[in-house]
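Here the structure is laid out as structure tokens; the discussion comes afterwards.
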Amino acid sequence: MSKPKILVARAVFPEIIARLEQHFEVESNQSDETWSKAQLTERLKGKDGAFTTGGDRIDGEVLAACPGLKICANMAVGYNNFDIDAMTAAGVLATNAPDVLTETTADFGFALLMATARRVTESEHYLRAGKWSKWSYDMFAGSDIHGATLGILGMGRIGQGIAKRGAHGFGMKVIYHNRSRLDASLEVECKARYVGKEELLKAADHLVLVLPYSPASHHTIGAAELAMMKPTATLINIARGGIVDDAALAAALKDKRISAAGLDVFEGEPKVHPDLLTVPNVVLTPHIASATIPTRLAMASLAADNLIAFFGGKQPLTPLNPGVLAIK
Ligand code: GLV
């Protein structure tokens with residue numbers, strides 16, 4: 001019997017490709033060429049499955065051109081690159097890669113918070129530029145993290161990881177807002193208090209965004225929300241580009257309407273709003289929150305496991321539209 005054909009849309013660990021090759025006829029993009037949507041669609045034609053990453057858009061247009069496609073396994077927890085409704089309508093299973101990246105991503109959220117509040121990269125650039133000639137009492141004075149109020153918008157697994165680090169490690173007062181409130185036992189574990197969005201914006205010394213992107217969360221933080229924040233506050237976005245209005249944020253940073261920001265994700269990335277590149281009070285990283293080798297390997301393994309289970313007639317581990325399986 002011939003093996004199912006799959007496309008691996010981006011370069012991944014060679015050991016993952018080798019494992020996939022035991023089960024599938026694999027076409028892979030190990031040279032990591034940047035494919036347009038049209039190029040991705042061309043490669044997907046005739047494939048039974050796809051191993052995708054967060055930048056590979058799968059929507060109704062792609063699906064219409066690739067009627068043989070049965071599953072797309074995303075090597076990311078976020079899946080706003082998938083049009084889930086269109087996939088469900090086309091009978092295509094979507095899977096993501098949750099859990100395996102939670103702690104690594106929460107670590108990074110905290111690293112970005114600390115770097116931003118304590119002006120780590122700004123001061124390093126100053127030193128590297130040879131500008132450090134003497135110590136002074138207020139040089140690169142930042143904001144305290146210990147004992148401060150940590151606001152978290154989006155209290156899923158990663159948000160909870162950040163809350164625990166803040167509350168237990170740094171004695172922070174943690175407040176959060178989410179679509180639904182956590183169970184009381186989880187609130188106790190995270191030492192977190194549920195508040196309305198407006199209170200969150202007004203009370204947080206450090207506000208971390210960890211909510212998923214959807215059209216409903218587009219520009220959740222724009223000029224009006226930034227205006228509600230304390231002028232001393234920091235804003236951290238490790239969620240998705242588009243949740244923050246980057247132009248409004250750059251203007252707020254320039255005018256010191258908030259103190260600083262740390263951004264790992266951007267609207268239209270890998271492009272970055274040019275004004276963000278010129279303001280000093282922002283720490284910018286290229287979407288690396290889950291980037292440790294063990295975690296990236298675990299994410300890739302989970303995506304591969306989903307493909308192998310699906311084509312082996314077993315239950316995929318992390319389906320997003322499991323209803324599709326019922327009608328198969
Ligand atoms: C990374 O952004 C992910 O969604 O896994």
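Bear in mind that the values in this text are calculations on the coordinates, not laboratory data. The structure displayed is predicted, hence computed values, not measured ones. Quick reminder, even Gly has a Cβ in these numbers, built from the backbone with ideal geometry, and neighbours come from all protein chains shown.
Is there a residue being closer than 24 Å to A148 by Cβ, more than 20 Å from the chain's Cα centre (by Cα) and part of a loop (DSSP other than H, G, I, E, B) anywhere in segment 221-230?
Yes, segment 221-230 contains at least one residue that is closer than 24 Å to A148 by Cβ, more than 20 Å from the chain's Cα centre (by Cα) and part of a loop (DSSP other than H, G, I, E, B).
Pairs, please: C-beta under 6 Å, at least 6 apart or cross-chain, first residue hydrophobic (A, V, I, L, M, F, W, C) and in segment 224-241, second in a strand (DSSP E or B)?
L235/L207; L235/A261; I236/V208; I236/G262; A239/L209
Out of V265, V244, V282, report the one residue that is touching a residue at least 40 places away in the same chain (Cβ under 8 Å) and not hydroxyl-bearing (S, T, Y). Give the steps one after another, and end with the answer.
Details: V265 fails: touching a residue at least 40 places away in the same chain (Cβ under 8 Å); V244 fails: touching a residue at least 40 places away in the same chain (Cβ under 8 Å).
Among V265, V244, V282, only V282 is touching a residue at least 40 places away in the same chain (Cβ under 8 Å) and not hydroxyl-bearing (S, T, Y).
Okay, residues lined up against (1) in a loop (DSSP other than H, G, I, E, B); (2) out of contact with any strand residue (DSSP E or B) (no Cβ under 8 Å at 6 or more places or on another chain):
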residue: R240; (1), (2): yes, yes
residue: L249; (1), (2): no, no
residue: K271; (1), (2): yes, yes
residue: L277; (1), (2): no, no
residue: S301; (1), (2): no, yes
residue: A304; (1), (2): no, no
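Within segment 279-317, work out how many residues are of a type in the set (V, I, T) and under 28 Å from A248 (Cα atoms). Please lay out each step first, then the result.
We begin by selecting, within segment 279-317, every residue of a type in the set (V, I, T); these are 279, 282-283, 285, 288, 292-293, 295, 308.
Applying the additional criterion that residues be under 28 Å from A248 (Cα atoms) yields 279, 282-283, 285, 288.
Of the residues in segment 279-317, 5 are of a type in the set (V, I, T) and under 28 Å from A248 (Cα atoms).
Among the residues of segment 133-149, write down those that are surrounded by 12 or more Cβ atoms within 10 Å (Cβ to Cβ) and part of a loop (DSSP other than H, G, I, E, B).
Initially, segment 133-149 is screened for residues surrounded by 12 or more Cβ atoms within 10 Å (Cβ to Cβ), giving 140, 142-145, 148-149.
Selection gives F140, G142, S143, D144, I145, A148.
Please count how many residues of segment 56-81 are β-branched (V, I, T) and more than 16 Å from the ligand (Cβ to nearest atom). Talk me through it step by step, then tell me what you get.
Applying the first criterion (β-branched (V, I, T)) to segment 56-81 yields 58, 62, 71, 77.
Subset that is more than 16 Å from the ligand (Cβ to nearest atom): 62, 71.
So the count comes out to 2.
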